[in-house]
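The structure appears below as structure tokens.
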Amino acid sequence: MWRVLAKRVAQQCAAPRRVRLLPAPGASLEGAPWRGRASWGAVAGGSGGGLASWGPRRGGEAPLFLQEGKARLQPGPARHWCSYPAHQKVPLPALSPTMQMGTIARWEKKEGDKINEGDLIAEVETDKATVGFESLEECYLAKILVPEGTRDVPIGAIICITVDKPELIDAFKSYTLDSSATAPPASVPPPPPAAAAPPTPAAHPSAQAPGSSYPPHMQILLPALSPTMTMGTVQRWEKKVGEKLSEGDLLAEIETDKATIGFEVQEEGYLAKILVSEGTRDVPLGTPLCIIVEKESDIPAFADYKDAGVADIKPPVLPPPPSPAAAATPTPSFPSQPAAPPSAKVPGQKGRVIVSPLAKKLAAEKGIDLSQVKGTGPDGRITKKDIESFVPSKVAPPRAAEAPPLAAPAPAAAAALPTGVFTDIPISNIRKVIAQRLMLSKQTIPHYYLSVDVDMGEILVLRKELNQEMPQNTKLSVNDFIIKASALACMKVPEANSSWLDTVIRQNHVVDVSVAVSTPAGLITPIVFNAHIKGLASINKDVVTLATKAREGKLQPHEFQGGTFTVSNLGMYGIKNFSAIINPPQACILAVGASEKRLVPADNEKGFDVTSVMSVTLSCDHRVVDGAVGAQWLAEFKKFLEKPATMLL
């Protein structure tokens with residue numbers, strides 16, 4: 001092919017003018033096969049020839065435009081390609097619509113291996129998931145240019161070289177991308193690390209981590225355990241270094257932006273090294289968490305294994321540094337005392353306090369400093385019993401003197417501050433997401449509110465009768481009737497069971513009711529699916545099960561992601577009425593208050609009657625639900641509760 005190309009360049013004839021074709025700026029090759037070949041393009045007039053750009057061999061060609069200038073071969077690439085046998089440069093493709101960069105998680109083929117059509121070449125971690133990168137044609141892997149573990153490789157970066165014949169492999173042993181070709185790839189930065197080590201140490205170490213001196217192993221990366229998850233916290237390792245792992249075993253508990261989820265093992269092996277210790281916060285997706293090997297004898301080889309990409313994540317685990325600053329600030333005789341509290345922290349795991357959610361909540365209510373509580377649970381975990389039996393020690397005052405100097409420059413004011421005035425509680429990932437979503441909802445959704453009073457007399461009578469027929473351990477609650485009535489009202493007024501999706505309004509044909517549940521970690525909304533077709537007993541069972549799992553942090557992502565309508569009930573706390581914040585992309589949320597006895601007009605001798613009245617407020621997204629539609633929904637909801645028999649129709 002190259003000989004033919006040289007002959008055509010040498011010829012000066014009246015043949016159609018050939019020019020170099022390049023992808024149009026911004027054109028995407030997404031979805032196109034990764035293999036490419038040089039091709040020829042022509043326009044009428046002129047003479048001479050030019051090489052077309054590398055493009056997909058078949059299907060999905062990107063738009064092309066003619067490069068300005070006279071017909072000529074591109075000097076840089078032409079001279080470089082001709083110095084090697086015929087080969088193909090394999091670029092990193094776009095493996096998801098939003099992918100801009102990728103991480104080479106693992107090479108499935110080694111240099112020199114034959115690649116058959118359909119063979120898995122590498123596993124590439126995108127912004128969505130880890131995707132297998134397959135070959136569309138037969139070839140041989142001559143050179144790997146981007147090592148395993150290299151992060152943030154741009155789309156289009158050359159990741160390897162393939163050839164058609166095995167005898168051509170040796171020619172590429174010392175192959176490197178020249179300076180003109182290394183602009184896009186992320187594989188070239190490793191050469192300059194010696195000179196540029198201080199500015200960019202974090203980008204290259206990850207590529208060096210899986211060095212050839214280590215036995216075969218697998219890096220386990222932090223996956224996306226929820227659609228909106230960008231970071232996670234390693235709450236607890238369920239396995240220790242050296243333990244055998246079986247498929248399906250629980251490896252660790254990861255706190256996401258939604259809940260704490262168990263992270264299971266997908267393959268058998270042995271845990272050789274833990275790279276991210278317990279309690280490490282804000283671990284980015286794709287970060288190596290641990291090393292797994294197939295053979296138990298390979299474990300000792302990873303005793304000193306370090307992944308520099310994880311080094312940047314460890315600083316968040318070191319909040320204790322404020323204590324040295326605090327100790328240096330005061331000039332009185334306090335310096336000798338602040339030295340004691342840090343030693344009290346050290347017995348915990350690297351300064352981290354392991355505490356159950358319930359114990360954390362009780363400590364916050366009582367103003368107890370968790371670092372002073374000794375846990376009696378597994379691995380020193382602080383439990384509810386520890387909080388209830390805690391007696392403040394006499395060593396507490398130095399801590400009060402230690403913390404204030406950071407906020408107040410005057411040592412005298414710090415000394416005067418009493419013990420237990422405040423407690424700084426770290427913000428969990430769940431709390432961060434709650435804050436972000438509620439802020440986004442109030443700032444971007446045009447809320448309006450509609451309130452109505454509902455006569456609950458007949459519902460309370462019906463509930464009492466039905467509970468007498470229910471099993472002894474099952475009792476229907478008023479909330480079960482509210483969920484059922486809400487679902488049926490959504491079927492009557494489907495506009496309220498809709499979602500705003502920017503370009504369209506999606507009207508849902510099923511009603512999945514999200515029920516707001518308060519947990520020690522924050523608010524979460526597990527879903528009662530198909531509430532419009534479920535009976536009261538089934539709804540009650542779902543709510544009890546989901547609420548229990550939510551408070552224990554055991555909800556699965558599919559149990560709280562989604563929903564078409566939300567119910568938030570604070571009646572059990574005696575709240576008469578309140579206005580709830582819409583849970584996007586839903587269009588409505590119902591805020592339920594407590595029932596109270598009221599005098600209402602009646603056709604009897606007294607002229608009045610006493611009945612239970614409940615106030616509810618519907619928050620609506622005015623982009624989706626107009627005021628009249630919201631009022632119509634409330635009318636249907638009220639009818640179902642005041643005349644429960646209509647729920648059977």
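The values are calculated or read from the model by the stated rules, or taken from the named source; none is laboratory data. Bear in mind the structure is a predicted one, so any value in this text is a computation, not a measurement. Reconstructed Cβ throughout: ideal geometry from the backbone, glycine too, with neighbour counts over all protein chains shown. Please note that ligands, DNA and RNA were not included when accessible areas were found on the heavy atoms of the full protein model with its side chains. Shrake-Rupley method; radii C 1.70, N 1.55, O 1.52, S 1.80 Å.
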Segment 88-171, dipole about Cα centre (Lys/Arg Cβ +1, Asp/Glu Cβ -1), debye to the nearest 20: 240 debye
Quick one: Kirkwood hydrodynamic radius for segment 430-648, alpha-carbon pairs, angstrom, one decimal? 17.9 Å
Can you bin segment 217-301 into rounded, prolate or oblate? Criterion: square roots of the alpha carbon gyration tensor eigenvalues sorted a ≥ b ≥ c, rounded for a/c under 1.5, prolate for a/b above b/c, oblate for the rest. prolate
Cα-Cα separations in segment 88-171 greater than 16 Å, expressed as whole percent: 48 percent
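Taking a threshold of 26 Å on the Cα-Cα distance, which of the pairs 484/549; 361/534; 475/606; 464/643; 484/597; 464/638 fall above it?
Values: 484/549 21 Å; 361/534 35 Å; 475/606 35 Å; 464/643 15 Å; 484/597 23 Å; 464/638 20 Å.
From 484/549; 361/534; 475/606; 464/643; 484/597; 464/638, over 26 Å: 361/534; 475/606.
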Expressed in square angstrom to the nearest 10, the accessible area of residue 268 with a 1.4 Å probe stands at 130 Å²
Carbon and sulfur: what percent of segment 430-648's accessible surface (1.4 Å probe)? 55 percent
Using θ = phi - 60° and the Karplus curve 6.51 cos²θ - 1.76 cosθ + 1.60, what whole-Hz ³J(HN,Hα) does each residue of segment 564-576 get, with Gly and Pro shown as x? 10, 7, 10, 10, 10, 10, 10, x, 5, 9, x, 6, 6
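Find the accessible area per residue for segment 88-171; the probe is 1.4 Å, ligands and nucleic acids are left out, and the unit is Å². Display every interim value, and only then the final one.
Numbers: 3680 Å² over 84 residues.
Computed with neighbouring chains in place, this is 44 Å² per residue.
How high is the FRET efficiency between residue 84 and residue 518 when r is their beta carbon distance and R₀ equals 41 Å, given to the nearest 0.05?
Numbers: r = 66 Å, r/R0 = 1.60.
So the FRET efficiency works out to roughly 0.05.
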Quick one: which residues, 5+ away or cross-chain, put their amide H under 5 Å from the amide H of residue 105? H built at 1.01 Å from N. 123, 124, 125, 149
Going by a ≥ b ≥ c, the root eigenvalues of the Cα gyration tensor, does segment 211-251 fall in the rounded group (a/c under 1.5), the prolate group (a/b larger than b/c) or the oblate group? oblate
Once the in-chain neighbours fewer than 8 apart are removed, the aspartates and glutamates whose Cα is under 13 Å from residue 554 read 253, 255
Aspartates and glutamates with Cα under 13 Å of residue 442, excluding same-chain neighbours fewer than 8 positions away: 621
Which number gives the lysine pairs in segment 88-171 that have C-alpha atoms under 19 Å apart and are eight or more places apart or on different chains? 12
For a quick check: with amide H placed at 1.01 Å from N, whose amide H comes under 5 Å from residue 448's, ignoring anything fewer than 5 positions away on the same chain? 620, 622
Residue 366: which aspartates and glutamates have alpha carbons under 15 Å from its alpha carbon, excluding same-chain residues fewer than 8 sequence positions away? 386, 388, 424
Scan around residue 238 for amide H atoms under 5 Å from its own, H built in the peptide plane at 1.01 Å from N, and keep only partners 5 or more places away or cross-chain. 252, 253
